[in-house]
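The structure under discussion appears below in the form of structure tokens.
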Amino acid sequence: MDDRVKRYLDEYTSLLYKIEVTDQDGCPPSFTEGVERAIAMMKQSTAGGGKIMFIGNGGSAAIASHFALDYWYAGGMRAVAFNDGAQLTCLSNDHGYEQVFAMPIRMFAKPGDVLVAISSSGRSVNILNGVAAAREKQCHVVTLSGFAADNRLRSLGELNFYVPVQRYGYVELAHEMILHCILDQLRAEEK
């Protein structure tokens, strides 16, 4: 294997062990405990008729769509991603891109729902506004971010998964791994 490819894979693999989790009080549960807490939060919400909402921009929007489908189809939970093209262009045209997630969350979220907010940089204003709207609606919030350790999103959730690297590819892959891990462990519990 080419040395550059091996180095890439080795760097990515070692990064997975460096993912940091914090709760709403800034306490650092282990990764395993963070996954377990996310599972409990999602199971409690969906068992009571709630849903899981996913938001993200660009590559994170693709991750949001992917996991809304996986959590619904493979996990049997109500799940939705707010990134329909017509919806995004309508809301951004009429209200500004900063509101494209906050508006549907205010409309469709119920207390006890779970918002999964995904942003590689943790600085996207529309994601931060979506989190604020979810809080207004008394939703639970799980964040996934990367890049700068002091990014705003990293401290806004009840659970915050942070990938400490400045590379989009690694952050996006790690976010997918985290969401797959939560879903796969949830499904394993049900067997």
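The values are calculated or read from the model by the stated rules, or taken from the named source; none is laboratory data. As the structure is a computational prediction, the values presented were derived from the model and not from experiment. FYI the Cβ positions are ideal-geometry reconstructions off the backbone, even for glycines, and counts take in every protein chain you see.
Brief remarks on what is shown
- Subset tally (residues that are surrounded by 17 or more Cβ atoms within 10 Å (Cβ to Cβ) and under 16 Å from the mean Cα position of the chain (by Cα)) for the range 46-58: 7
- Close pairs (6 angstrom Cβ cut-off, 6 or more residues apart or separate chains): closer than 12 Å to HIS175 by Cβ in the range 116-134, modelled with pLDDT of 95 or more and assigned to a strand (DSSP E or B) anywhere: VAL116/PHE54; VAL116/VAL142; ALA117/ILE55; ALA117/THR143; ILE118/LEU144; SER119/SER145; SER120/GLY146; GLY122/SER145
- All positions within the range 105-115 that are crowded, with 21+ Cβ neighbours inside 10 Å and either without any contact (Cβ under 8 Å) to a residue 24 or more places away in the chain or part of a strand (DSSP E or B) (or both): VAL114, LEU115
- For the range 72-100, the set of residues classified as small (Gly, Ala, Ser), surrounded by fewer than 18 Cβ atoms within 10 Å (Cβ to Cβ) and either in contact with a Cys (Cβ under 9 Å, 6 or more places away or on another chain) or at negative phi (or both) consists of ALA74, GLY85, ALA86, SER92, listed by residue number.
- Of all the numbered requirements in (1) over 17 Å from ALA79 (Cα atoms); (2) exposed (fewer than 15 other Cβ atoms within 10 Å of the Cβ), ARG37 misses one, and that requirement is (2).
- Residue in the range 169-191 that is of a type in the set (Ser, Thr, Tyr), buried (at least 23 other Cβ atoms within 10 Å of the Cβ) and touching a residue at least 40 places away in the same chain (Cβ under 8 Å) present: no
- Residue count, the range 14-28 (criterion: free of Cβ contacts under 8 Å to residues at least 40 places away in the same chain and either buried (at least 17 other Cβ atoms within 10 Å of the Cβ) or not polar (S, T, N, Q) (or both)): 4
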